[in-house]
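J.: Sharing a structure, written as structure tokens. Questions coming.
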Amino acid sequence: MPATVAIDADPETIWPWLVQIGYRRAGWYGYDWIDNDRIPSARVVLTQGLKPGDVVPIWRGIGFPVRAIQTNRYMVFASDDDKNSMALELLPAGAGRTRLVWRIRLAPYNWKSPPVLLQGFTDVADFIAVRQNLLGIKVRAEGKAPESSVWMHVALALWVLSFLLFLTAEIGLVVREDPYGPLIAAMATGLITVFLVLANLALWVDLLGVLVAGLCVRLAFRERSRWRPATAAKASIVAGAPTPK
């Protein structure tokens with residue numbers, strides 16, 4: 001799973017932010033409330049000196065040893081069994097501009113094992129988290145102030161809420177006799193969720209998107225109850241039964 005961001009800085013400026021990355025180290029420059037025990041990620045360069053064999057802490061009790069590293073170019077760290085790995089690479093993209101690529105390789109799915117659902121969720125979460133990590137590195141390397149942690153997590157909560165509305169519409173497809181309303185709602189809320197996550201716009205846009213998604217779900221489920229009496233009456237006429245007053 002590769003992710004990338006363009007940074008207006010030389011590799012030599014970006015590199016120090018990469019080699020200090022890690023859980024309870026300098027942080028991940030992203031969702032600190034979730035992936036760094038609420039400890040704010042570093043806003044200055046704190047430490048240097050990473051070499052093959054050093055362990056990069058990923059999470060509580062989880063650390064990936066460094067497998068390969070070349071100063072100002074790339075670093076690769078992987079789990080002990082080499083089934084999971086991360087690679088960060090700096091690619092020159094013009095004068096004073098660099099492209100940072102972050103690749104994650106995870107263990108193959110075992111479709112016969114129940115934890116595969118958790119693995120799938122983790123993959124989606126990693127996609128969102130890594131993108132925020134890249135943006136956090138970008139602003140620091142460019143000498144800008146990082147985004148407010150509060151607003152960052154509020155935006156994430158709105159994305160999750162939009163996704164939950166999508167799941168609600170999906171459930172409606174299964175439990176409702178008339179699936180058309182939930183189908184339209186599922187398509188709308190799914191597109192809204194993807195747009196909000198990928199576009200990464202202002203917080204008010206996220207809020208507006210969630211409100212629209214909620215309205216879609218509400219209308220989808222109200223439409224069924226609104227037309228139910230008319231449908232029942234029509235069925236009674238066809239069957240020859242008296243129409244209820």
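The values are calculated or read from the model by the stated rules, or taken from the named source; none is laboratory data. Keep in mind that this is a model prediction, so the values were computed, not measured. With ideal geometry, Cβ positions are generated from the backbone for all residues, glycine too; neighbour counts draw on all protein chains shown.
J.: With the structure loaded, tell me whether residue 105 is under 26 Å from residue 11 (Cβ atoms) and at pLDDT below 90 or whether it fails that test.
T.: So residue 105 passes the test.
J.: Hey, does the stretch 9-32 have a residue that's at pLDDT 95 or above, touching a helix residue (DSSP H, G or I) at 6+ places or on another chain (Cβ under 7 Å), in a helix (DSSP H, G or I) and among the hydroxyl-bearing types (Ser, Thr, Tyr)?
T.: yes
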